[in-house]
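Undergrad: Below you'll find the structure I mean.
The values are calculated or read from the model by the stated rules, or taken from the named source; none is laboratory data. Worth saying up front: this structure is predicted, and the values here are computed from it rather than measured. As a convention, Cβ positions derive from the backbone with ideal geometry for all residues, glycine included, and neighbour counts pool all protein chains shown. What goes into the accessible areas is simple: the full protein's heavy atoms, side chains included, and nothing from ligands, DNA or RNA. Shrake-Rupley method; radii C 1.70, N 1.55, O 1.52, S 1.80 Å.
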Amino acid sequence: QVQLVESGGGLVQAGDSLRLSCAASGRSFSSYAMGWFRQALGKEREFVAGKSWSGSHTYLLDSVKGRFTISRDNAKNTVYLQMNSLNTEDTAVYYCAADRYGPGTALGEYDYWGQGTQVTVSS
C-alpha cells in the first residue's frame, strides 16, 4: 500500500507560480508511476501530468504544456508539480496519485490517491 499527502496549495495571482508536493509512504514507492489530477468546482476530475517510475517518461495535459513540470525524487519519496504562468482556469483541487503500471491518463488506472490541495488563482 501507498499513502499520499499533498501540500503547497494556496491563493496566488494570475501569472504567478506555485509548486505542489506529494509525500509518499509505504512499500516500493520507486516502482510506481505517479500522476497529478485536478478537479474544478462543478467539473470532472482530469489528468494533468504523469511520470514513470524511472522518471524517463513524462506526460502532460495539452493545456499545461510549457507551463507545468512534473518531477520526482525517489530518495525523498516525493513527487512535485511546478506550475508557472497560472491563470484562473487552473483553479481546482489538485490530487496526486500512484499507478502500479502507468503512468496512464485515466482515473481508473490509479491505485492510490491523496486527499487533495486547493489551488486558487485570482484575476
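Undergrad: Residue check, ASP90 against (1) open to solvent by less than 60 Å² (accessible area, probe 1.4 Å); (2) more than 16 Å from CYS22 (Cβ to Cβ); (3) in contact with a Ser or Thr (Cβ under 6 Å, 6 or more places away or on another chain), all met but one. Which one?
TA: (3)
Undergrad: Something else about it: Take ASP111 and tell me if it is in contact with an Asp or Glu (Cβ under 9 Å, 6 or more places away or on another chain) and of a type in the set (Asp, Glu). Lay out the reasoning, then the answer.
TA: Working: in contact with an Asp or Glu (Cβ under 9 Å, 6 or more places away or on another chain): yes; of a type in the set (Asp, Glu): yes.
So ASP111 fits the description; yes.
Undergrad: Sort through GLY102, GLY66 and tell me the only one that's at pLDDT 95 or above and either of a type outside the set (Asp, Glu) or farther than 20 Å from ALA23 by Cα (or both). Steps first, answer last, please.
TA: Values: GLY102 fails: at pLDDT 95 or above.
One residue alone meets the criteria, GLY66.
Undergrad: Separate question: Check off (1) at pLDDT 90 or above; (2) farther than 18 Å from GLY10 by Cα for ARG38 and give me the number that stays unchecked.
TA: So ARG38 meets the others, but not (2).
Undergrad: When you check SER63 against the structure, is it small (Gly, Ala, Ser), surrounded by fewer than 17 Cβ atoms within 10 Å (Cβ to Cβ) and under 17 Å from VAL5 (Cα atoms), yes or no? Before you say what the answer is, go through the steps one by one.
TA: Values: small (Gly, Ala, Ser): yes; surrounded by fewer than 17 Cβ atoms within 10 Å (Cβ to Cβ): yes; under 17 Å from VAL5 (Cα atoms): no.
Considered against the rule, which asks whether it is small (Gly, Ala, Ser), surrounded by fewer than 17 Cβ atoms within 10 Å (Cβ to Cβ) and under 17 Å from VAL5 (Cα atoms), SER63 comes out as no.
Undergrad: Here's something else I'd like to know. Between a residue in segment 1-14 that is closer than 20 Å to SER25 by Cα and of a type in the set (Val, Ile, Thr) and any residue that is open to solvent by less than 30 Å² (accessible area, probe 1.4 Å) and not in a strand (DSSP E or B), which pairs come within a Cβ distance under 8 Å, given they are 6 or more apart or on different chains?
TA: Note: pairs meeting the criteria are VAL2/PHE29; VAL2/TYR32; VAL5/GLY114.
Undergrad: Filter segment 93-112 for residues that are outside any loop (DSSP other than H, G, I, E, B), of a type in the set (Phe, Trp, Tyr) and either more than 14 Å from the chain's Cα centre (by Cα) or buried (at least 18 other Cβ atoms within 10 Å of the Cβ) (or both) and give the result. Lay out the reasoning, then the answer.
TA: Here is the first cut: in segment 93-112, the ones outside any loop (DSSP other than H, G, I, E, B) are 93-99, 107-109, 112.
From the residues that got through so far, the ones that are of a type in the set (Phe, Trp, Tyr) too are 94-95, 112.
Those that are outside any loop (DSSP other than H, G, I, E, B), of a type in the set (Phe, Trp, Tyr) and either more than 14 Å from the chain's Cα centre (by Cα) or buried (at least 18 other Cβ atoms within 10 Å of the Cβ) (or both): TYR94, TYR95.
Undergrad: Moving on. Which one is least open to solvent (accessible area, probe 1.4 Å) among residues in segment 27-52 that are aliphatic (A, V, I, L, M) and outside any strand (DSSP E or B)? I'd like the intermediate steps shown before the answer.
TA: From segment 27-52, those aliphatic (A, V, I, L, M) are 33-34, 40-41, 48-49; that's our starting set.
From what's left, outside any strand (DSSP E or B): 40-41.
On the way: ALA40: 32, LEU41: 175 Å².
Among those that are aliphatic (A, V, I, L, M) and outside any strand (DSSP E or B), it is ALA40.
Undergrad: Next question, about the same structure. Could you please let me know if VAL79 is of a type in the set (Val, Ile, Thr) and either in contact with a Cys (Cβ under 6 Å, 6 or more places away or on another chain) or farther than 22 Å from GLN118 by Cβ (or both)? First the steps, then the outcome.
TA: Numbers: of a type in the set (Val, Ile, Thr): yes; either in contact with a Cys (Cβ under 6 Å, 6 or more places away or on another chain) or farther than 22 Å from GLN118 by Cβ (or both): yes.
When the stated conditions are applied, VAL79 passes them.
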